Amino acid sequence: MPVRRLDPVLIDRIAAGEVVERPASALKELIENALDAGAARIDVALEAGGKKLIRVIDDGFGMSAQDLDLAVERHATSKLPGGDLSAIETLGFRGEALPSIGSVASLEITTRASGAPHGSRICVDQGAKSAIAPAAHPQGTRIEIRDLFAATPARLKFLKNDRAEARAASETVQRHAMAHPQVRFTFSGGGEAAGFEFAAQGPGDAGLLARLTDILGREFSANALRVEAEREGVSLAGFAGLPTWHRANASAQFLFVNGRPVRDKLLAGAVRAAYMDFVPQGRHPALALFLSCDPREVDVNVHPAKAEVRFRDGGLVRGLIVGALKQTLAGALHRATPNNSAAALDLLARRGFGAARSGYAPAANWDWRASPAKPEHSGPSAGFAEATNLFAAPDQTSFATDGALARIASVSARAHQQQPLQQDLDAPLGAARAQLHETYIVAQTREGIVIVDQHAAHERLVYERLKAARAGSSPPRQHLLIPVIVEMGQSEAARVCDAADLLGEFGLRVEPFGPGAVAVSETPAALGACDASSLVRDLAAALAGEGGGAAPLEKRLDRVLATLACHHSVRAGRRLGADEMNALLREMERTPGSGQCNHGRPTYVELKLVDVEKLFGRR
């Protein structure tokens, strides 16, 4: 067949297929135009998820009649004054959005430039452009898109239902609102999605956090850590959520490059690497990070919808993100999400603890020693008596409870007789007061109590200690007088032997010892008298879980360290003395990431005294 030139309208419709995938894509282009025009307020309204109507009104610079006439022509733009594609400083620049939209829908633009005596209006109906007409309009621009994809009905069949399209459009507005907290945004979903209004925020971190809180909720503010870093002209800012506040997917991760919302594999991979030590497998942190760099160092023109970017030095960007996030998480030390405490209180309330639920309040002069249900061994060291004193304020001897507390503490509480030190009470995790079931440490603070999982906490401490030792120098080794022979499956033995050099870096020396067996001649001195056989079997399972040699080296190192730490940690069921428990609490306060164990589970729960009193109807 002969080569022929395509019809201009058909060309625009083909371009629309690349730029405008769905109503949210068209809305994105309009919002970016409004932001580039210096708008301080942007109002968005939809009907039928954007299929019937998309309306965007802004108070930006507006356009003259001559500019308006050119704006709907292909490849006409005001955003590349020098024509240099390597120095793009605006969100839009292709000059394709408006003509592409006008080729597949009915497009109406009304605008007025600053100082103009009146506004101007133009209509483009499925590629047919009308003449410019005068119109009454304040400074700014009003754009309406009606019957999107009316000229290409086949495209309509591939759109989702109105509710899903409206939700996607809502998320588009929210992402741009995050990047521009100084701009006021309103959104009306036409009944298909919840509307919202975000007031303009002030400059700086406070304004950004306020806007993020508007969008992500108050929980984000309570769990957010400030991130700030700069390296070789590339800067990073924003807020990252605590590792214990994670999500089932990555939908709460928002990444921006020079104010542009992007979904980039390099950036997402850097976030995963930074949080790898802290969140459980299959869970994802919440964060909003803003990367700024010279426009010449990033190519935003690699995707028609400008959703992906390419960096000149990707390694620099990845290293900056990973380093900044790890440093931020390390600075948080033992801090964990308050949601764990809220969940614990909710669980207690739903199970009926407290006078507020039972409708019973003890008499003011009630004496537990006179109760027929008193413990048989009610001396000074009785668990029940100690448990009822756990919630005492530092300047009080105790306060009465109705016995429900004994159910929380489970009569097996073993409290310590000596009075807590004032400096321990003032510490973030308080002074150890009891050990329950030889598994949980109960500590008293000035404002409440803290319950610590001793094994999970010590596992994280040992893990961080091993990492620090490996980073400094070769860890000390313990030579075994008689090598330990560990028998296992041939594939497991081969996996361990393949990782022999890796294990040697941590002080564990293994060698092949015939089919399906390995010999252990050295173990890390930090593990003490460990069970070498059990340790090697667990390491084989850990290496198998990471895909053996196919897994990234960094991930395999962390998995090995976590397994070593687990074997050396204080086990559940071990009875601890007061000094041991307090030493554990103090080390937790000094150790990065001690708010969660190596598997991402929380290591402690803090209950405020005021909340506990509410459980018992005291407030």
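The values are calculated or read from the model by the stated rules, or taken from the named source; none is laboratory data. In this text the structure is predicted, and so the values were computed from the model without any measurement. Heads up, the Cβs are rebuilt from the backbone with ideal geometry, glycines too, and the neighbour counts pull from every protein chain shown.
If the condition is being in contact with a strand residue (DSSP E or B) (Cβ under 8 Å, 6 or more places away or on another chain) and within 20 Å of T328 (Cβ to Cβ), then the range 585-619 contributes M588, G595, Q596, C597, G600, P602, T603.
Condition first: modelled with pLDDT of 75 or more, closer than 16 Å to S100 by Cα and in the same structural domain as P134 (by TED's automatic domain parsing). Can you find one or more residues in the range 33-41 that meet it? Looking for residues that are modelled with pLDDT of 75 or more, closer than 16 Å to S100 by Cα and in the same structural domain as P134 (by TED's automatic domain parsing), one finds at least one in the range 33-41, hence yes. Number of residues in the range 61-88 that are in contact with a Gly (Cβ under 6 Å, 6 or more places away or on another chain) and either modelled with pLDDT of 95 or more or under 23 Å from S106 (Cβ atoms) (or both) equals 5.
Checking each residue in the range 499-530 for being assigned to a helix (DSSP H, G or I) and either over 12 Å from P476 (Cβ atoms) or under 36 Å from the mean Cα position of the chain (by Cα) (or both) picks out A500, D501, L502, L503, G504, A526, L527.
Quick check on the range 117-134: of everything there that is among the aliphatic types (A, V, I, L, M) and farther than 18 Å from A34 by Cβ, which residue is surrounded by the most Cβ atoms within 10 Å (Cβ to Cβ)? If we take residues in the range 117-134 being among the aliphatic types (A, V, I, L, M) and farther than 18 Å from A34 by Cβ, then V124 is surrounded by the most Cβ atoms within 10 Å (Cβ to Cβ).
Listed here are the residues, each with its yes/no results for (1) closer than 21 Å to S251 by Cα; (2) surrounded by fewer than 21 Cβ atoms within 10 Å (Cβ to Cβ).
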| position | (1), (2) |
| --- | --- |
| A150 | no, yes |
| P153 | no, yes |
| A164 | yes, yes |
| R167 | yes, yes |
| A177 | yes, no |
| S188 | no, yes |
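For G269, are the conditions met, namely being over 20 Å from A330 (Cα atoms), exposed (fewer than 15 other Cβ atoms within 10 Å of the Cβ) and out of contact with any Asp or Glu (no Cβ under 8 Å at 6 or more places or on another chain)? Answer is no for this residue. Only one of the numbered conditions (1) closer than 21 Å to D36 by Cβ; (2) crowded, with 16+ Cβ neighbours inside 10 Å is not met by L216, and that is (1). None of V496, V450, V520, V510 is in contact with an Asp or Glu (Cβ under 7 Å, 6 or more places away or on another chain) and buried (at least 21 other Cβ atoms within 10 Å of the Cβ) except V450. Within the range 432-462, being in a strand (DSSP E or B) and among the hydroxyl-bearing types (S, T, Y) holds for one residue alone: Y440. Looking only at residues of the range 218-248 that are modelled with pLDDT of 90 or more and in a loop (DSSP other than H, G, I, E, B), we find that the one that is nearest to H284 (Cα to Cα) is L242.
Let's see how each residue does on (1) within 17 Å of A179 (Cα to Cα); (2) surrounded by fewer than 17 Cβ atoms within 10 Å (Cβ to Cβ); (3) under 29 Å from the mean Cα position of the chain (by Cα); (4) not assigned by TED's automatic domain parsing to the domain that holds A105:
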| position | (1), (2), (3), (4) |
| --- | --- |
| L46 | no, no, no, no |
| G49 | no, no, yes, no |
| R55 | no, no, no, no |
| L70 | no, yes, no, no |
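A count restricted to the range 320-342 and to residues that are within 23 Å of S251 (Cα to Cα) and not basic (K, R) stands at 13.
Out of curiosity, is E587 of a type in the set (D, E, K, R), assigned to a helix (DSSP H, G or I) and at pLDDT 90 or above? Considered against the rule, which asks whether it is of a type in the set (D, E, K, R), assigned to a helix (DSSP H, G or I) and at pLDDT 90 or above, E587 comes out as yes.
For (1) of a type in the set (S, T, N, Q); (2) closer than 27 Å to E89 by Cβ, each residue gets a yes or a no:
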residue: V279; (1), (2): no, no
residue: C293; (1), (2): no, yes
residue: V298; (1), (2): no, yes
residue: A332; (1), (2): no, no
residue: T337; (1), (2): yes, no
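Taking G315, is it modelled with pLDDT of 90 or more and out of contact with any helix residue (DSSP H, G or I) (no Cβ under 9 Å at 6 or more places or on another chain)? Criteria met by G315.
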